[in-house]
Amino acid sequence: MNYRHAYHAGNPADVIKHAVLAFVIEHLLKKEAPIRIVDTHAGIGRYDLTSDAAERTGEWVEGIGRLWGKPLPAALEALVGPYLDVVARLNPDGRLRFYPGSPDIARLMTRPGDGITACELHPEDGASLAALYARDRRIKVIDRDGWLVPKAFLPPKERRGLVLIDPPFEERGDYDRLVEALGAGHRRWATGIFLLWYPVKDPVAVKRFHAMIAGLGLAKCLTVEAIWRPVDGERLAGAGLVIVNAPFTLAAACRAAERPLWEALGVANGRLGVTGDAA
């Protein structure tokens, strides 16, 4: 319960996660039927990059700060365009100050008939989230443990949509909980899209996690993994997403964006690996 994303908002891990999230939401919006987006670890929803927390680490400078206001190659724009459009809506004067967390990306991209369920157990963050969305009836902010989402909220009445499972990884066993949550959620909502975020720090733990995901035997399971520094087991070297029922266009978009993404972020030997199957 000590993790506060305000220190890390907009960093390279967020860029990858939120670009894929926005890409998937845009795909879902191509059909008229309403969707439901479920965010299991929602945070505060929106982050001020001029806050003390953000300025203390400055992590956003190496992430969204590298992309903001820059001309991008078409291959990179195809992947990150929807995400950058959301960031631009929060900063209409062209000055980068506010950064959207995943629930704010969902809020700004979805339509009046769509729904959002945002869970946040941290008392202060949950209160901030509830206050931010108090006037938006489409958004249900719930102060409940996000790991309980599969049993409590799936399947949604809309029957279309996605679940983002993005834990802080501050407790031992979060990789195991992530796999368990996916298995339970998929059993209840086999047609839903699931996005699971994980850090790349300990190579042994990540390898075991991938083996457990494979052990679920799920069809249409895609992995997108970004590595921007050597994996040494001590500091965050990258991050990944496991996407179940991913849009069939996502894998190609990630592969095409790999080189221009690292060039834009100023990373000399980055890797954006894409493995598995898409819908």
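Just so it is clear, none of the values below were taken in a lab; they were calculated from the coordinates. Since the structure is predicted, the reported quantities are computational estimates derived from the model, not experimental observations. Neighbour counts are summed over all protein chains in view; Cβ atoms, including those assigned to glycine, are modelled from backbone coordinates with ideal geometry.
How big, on average over all directions, is the shadow cast by the Cα convex hull of region 5-276, in nm²?
Working: hull surface 53.5 nm².
One quarter of the hull surface, i.e. the mean projection, equals 13.4 nm².
Under a GNM of the chain (C-alpha, springs under 10 Å), which listed residue has the highest mean-square fluctuation: Asp114, Asp104, Asp93?
Asp93
Rule-of-thumb check for region 142-274: C-alpha Rg over 2.2 N^0.38 Å?
Working: Rg = 15.5 Å, N = 133, 2.2 N^0.38 = 14.1 Å.
Relative to the rule-of-thumb radius for its length, region 142-274 sits at 1.10.
Mind sorting Phe98, Phe153 by how few other Cβ atoms lie within 10 Å of their own Cβ, fewest first? Walk me through the intermediate numbers first.
Values: Phe98 17, Phe153 20.
Final ranking by Cβ density, sparse to dense: Phe98, Phe153.
Can you tell me which of Pro12, Pro260, Pro112 moves the most in a GNM of the chain? Springs connect C-alpha atoms under 10 Å apart.
The residue with the greatest mean-square fluctuation here is Pro112.
For the chain, with a Gaussian network of springs between Cα atoms less than 10 Å apart, report the residue from Asn11, Asn245, Asn269 with the top mean-square fluctuation.
Asn269
Can you put Trp228, Trp147 in order, fewest other beta carbons within 10 Å first? Kindly include the intermediate steps, with their values, before the conclusion.
Values: Trp228 24, Trp147 20.
Least crowded to most crowded, the residues run Trp147, Trp228.
Order these by the 10 Å Cβ neighbour count, fewest first: Asp39, Asp174. Numbers along the way, then the final one.
Working: Asp39 29, Asp174 17.
Fewest-to-most ranking of Asp39, Asp174: Asp174, Asp39.
Starting from the 7 Å offset along Cα-to-Cβ, what nm value, one decimal, do you get for the label separation of Ala33 and Ala127?
With each label point 7 Å from Cα toward Cβ, the separation is 4.1 nm.
State the answer as a single residue: which of Val200, Val242, Leu90 lies farthest towards the positive end of the charge dipole of the chain, with beta carbon charges of +1 for Lys and Arg and -1 for Asp and Glu, about the Cα centre.
With unit charges placed on the Cβ atoms, the residue in question is Val242.
Using 1/(1 + (r/R0)^6) with R0 = 30 angstrom and r between the beta carbons of Arg135 and Glu77, what's the FRET efficiency to the nearest 0.05?
Values: r = 33 Å, r/R0 = 1.10.
According to the calculation, E is roughly 0.35.
How high is the relative contact order of the chain, in percent, with contacts defined as C-alpha pairs under 8 Å that are six or more residues apart? Intermediate values should be presented prior to the final figure.
Working: 522 pairs, mean separation 59.4, N = 279.
Computed value for the chain: 21 percent relative contact order.
For Glu26 and Leu108 in the same chain, what is the full-extension length gain: residue separation times 0.36 nm, less their Cα-Cα distance, in nm?
On the way: separation 82, 0.36 × 82 = 29.52 nm, distance 1.12 nm.
Length difference between fully extended and current span is 28.4 nm.
Could you work out how far apart the two model spin labels at Phe248 and Glu55 are, taking each label as a point 7 Å from the Cα in the direction of the beta carbon, and quote it in nm?
Here the answer is 5.0 nm between the modelled labels.
Roughly how big is region 1-144's charge dipole about its Cα centre, with Cβ charges of +1 (Lys, Arg) and -1 (Asp, Glu), in debye to the nearest 20? Before the final figure, lay out the partial values.
Working: 19 positive and 19 negative charges, 88 e Å.
So the dipole magnitude of region 1-144 works out to roughly 420 debye.
What is the antiparallel percent of DSSP beta bridges lying wholly in the chain, to the nearest 5? All intermediate terms of the calculation are to be shown ahead of the outcome.
Numbers: 23 of 39 bridges.
The antiparallel proportion sits near 60 percent.
Considering only C-alpha atoms, what is the centroid distance from region 9-30 to region 148-219, in Å?
Distance between centres, Cα-based: 17 Å.
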